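FYI, it's all coordinate maths here, none of it is from the lab. Computed from a prediction, not measured in an experiment: that's the story for all the values here. Neighbour counts are summed over all protein chains in view; Cβ atoms, including those assigned to glycine, are modelled from backbone coordinates with ideal geometry.
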């Protein structure tokens, strides 16, 4: 087991290294043609004007984040578009309607009617096609802010050919994209595998909820970093998908934790988890009933998430103190802890940005994806341990079942297995044959030649029985010298030929080893020959015919 864990760890580290190497090495040459318009902006915030502004410093100049109803105008002169065949602009809008003009002529706008009617506007990376021009142009971008706190820091605005802008956006979020796609694909595959092995075992249920958690995290990363709309059209719902996937993390974390530690039978855990889940899901309903916008309830979710973390720490402390944590549970909880810590680290920088102290660094943005990958690794180790233990339990169960249903000497099914097989067979309406077989002279061999020779007789006959009826029917030893065979389907028509074949094999054994005279008497009966519902009626008729044959020999 330790070697397997080490191999998984090596694979995990290699995967992360490949992610980072790809992030640094895979850089399209066309990115050199991209203009990052960070400096030289004229800004009018409501009625206050600023000149020669660097966008990353705009928050400090304004002195606060934006408020609902604010108007923000950005103007940049002398933007050279002459080298672009299909010039375009990429800009991030946050809970805002916007309008773009080029040389004082409007070229595009979006969500103006949403802003005027008070509808929800999300966050997007917008691509705006610009007119071709041989001379420098003046760009004018106006934002109409619909939510308080929409802008704390300002992303640079970028100009280039449309395809270059698309590559630029993908490249800047390549690590996030790769992690997100991996989590979604891994989560779907892991969920399907867990469904295939679904049972009453809490370990499998935990794997299922962990898989859903990975899918939600992957979707959240794609939408939080505005990557989803680069590959599919969310029709303006990217931000709603972002918050829904985020809010659903709490109930799924409760389910994962509950299955991992088998807390689902605890009234305390159930009451706490149900309350926490309701609190997390309520903003989704409030949003779609147009009562409160989903982003305005983020603080409620965060308080709920911290309550979950506190509850988890208390429960883990209690369990570790009582010594009830198993190794797989400890590993899984370590993965969940890594995810929680990464969220905490990310939240610190998020609020530093909200309050204008410091802009979120890329490390803080990558913290949660890294925490998610740590949880994936913990889940894989946990699953490896679970599969190994389940396989060992299955082997032990099969061994005990075999001992219960196998004859001690011949190792073929015994009377108990025969009775169970016959009971299952009688649940159907199909016809069948029971052959009753009795060895001739076994008692004399035991009395005159020893029980060792008697055992040899039984083993030789069993060998002939297996050669004749293997894969054709069911056979068992149901007494000292009593055997039974059950045939179904097309093999019923071959019963006489099969009995002749059995006798022929016994004669061959006698010629090869004449120390024992091997022979058997047999009689058979069809199910349709008896009208009683007694399970043994067919066997009794076959046994009666066997004794008639025995006396006639």
Sort 153-159, 536-542 by the packing proxy (mean of other Cβ within 10 Å over each peptide's residues), most packed first. 153-159, 536-542
Cα pair distances of segment 24-105 binned at 10 Å [whole percent]: 12, 43, 30, 13, 1
Rank by packing, highest mean first: peptides 275-283, 126-134, with packing defined as the count of other Cβ atoms within 10 Å averaged across residues. 275-283, 126-134
Which semi-axes, in whole Å and largest first, does the equivalent ellipsoid of segment 232-305 have when worked out from the alpha carbon gyration tensor as the square roots of 5 times its eigenvalues? 27, 14, 9
Simple spin-label model, 7 Å along Cα-to-Cβ: residue 267 to residue 490 in nm? 6.4
Return the ratio Rg/(2.2 N^0.38 Å) for segment 415-552, where Rg is computed over Cα atoms only. 1.06
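Fewest first, what order do 253, 453, 297 take by the number of other Cβ atoms within 10 Å?
The fewest-first ordering by Cβ neighbours comes to 453, 297, 253.
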Mind checking the full-extension length gain between residue 64 and residue 449? Use 0.36 nm per residue of separation minus the Cα-Cα distance, one decimal, nm. 128.0 nm
Counting C-alpha atoms alone, how compact is segment 110-212: give Rg to one decimal and Dmax as a whole number, in angstrom. 21.9, 71
Projected label distance in nm at residue 298 and residue 348, using a 7 Å step from Cα toward the beta-carbon: 1.9
In whole angstrom, the spacing between the Cα centers of segment 247-325 and segment 54-74 equals 36
Protection proxy ranking, peptides 465-471, 177-183, average beta carbon neighbours within 10 Å, highest first: 177-183, 465-471
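Compute the orientation-averaged projected area for the chain from the convex hull of its Cα atoms and round it to one decimal in nm².
39.9
Relative contact order of segment 415-552, please, whole-number percent, based on alpha carbon pairs below 8 angstrom and at least 6 residues apart.
Details: 183 pairs, mean separation 47.8, N = 138.
Across segment 415-552, relative contact order equals 35 percent.
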Potential lengthening between residue 430 and residue 288 on full extension [0.36 nm per residue; Cα-Cα distance subtracted]: 45.3 nm
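What do you get when you divide the Cα radius of gyration of segment 34-164 by 2.2 N^0.38 Å, with N the number of residues?
That works out to 1.01 for segment 34-164.
Defining a contact as two alpha carbons under 8 Å apart and six or more residues distant in sequence, what relative contact order in percent does the chain show?
Relative contact order for the chain comes out at 10 percent.
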In degrees, nearest 10, the alpha-carbon axis of helix 162-172 is tilted away from the dominant principal axis of the alpha carbons of the chain by 70
Specify the angular offset, from 0 to 90 degrees and rounded to the nearest 10, of the alpha carbon long axis of helix 537-552 from the longest principal axis of the alpha carbons in the chain. 30
What's the angle, to the nearest 10 degrees (0 to 90), between helix 415-425's Cα axis and the longest principal axis of the chain? 60
Expected output is a single nm value to one decimal: the length gained when fully extending between residue 330 and residue 132, i.e. 0.36 nm times separation in residues minus the C-alpha distance. What is it? 65.2 nm
Quote the FRET efficiency, to the nearest 0.05, computed for residue 306 versus residue 421 with a Förster distance R0 of 56 Å and r equal to the Cβ-Cβ distance. 0.40
Based on the Cβ-Cβ distance of residue 80 and residue 500, what FRET efficiency does E = 1/(1 + (r/R0)^6) give at R0 = 60 Å, to the nearest 0.05? 0.05
For segment 38-80, the percent of all C-alpha pairs falling in each 5 Å bin, from 0 up to the bin holding the max distance, is 6, 21, 36, 22, 10, 4, 1
Pair residue 552, residue 314: separation of 7 Å Cα→Cβ label points (nm): 8.4
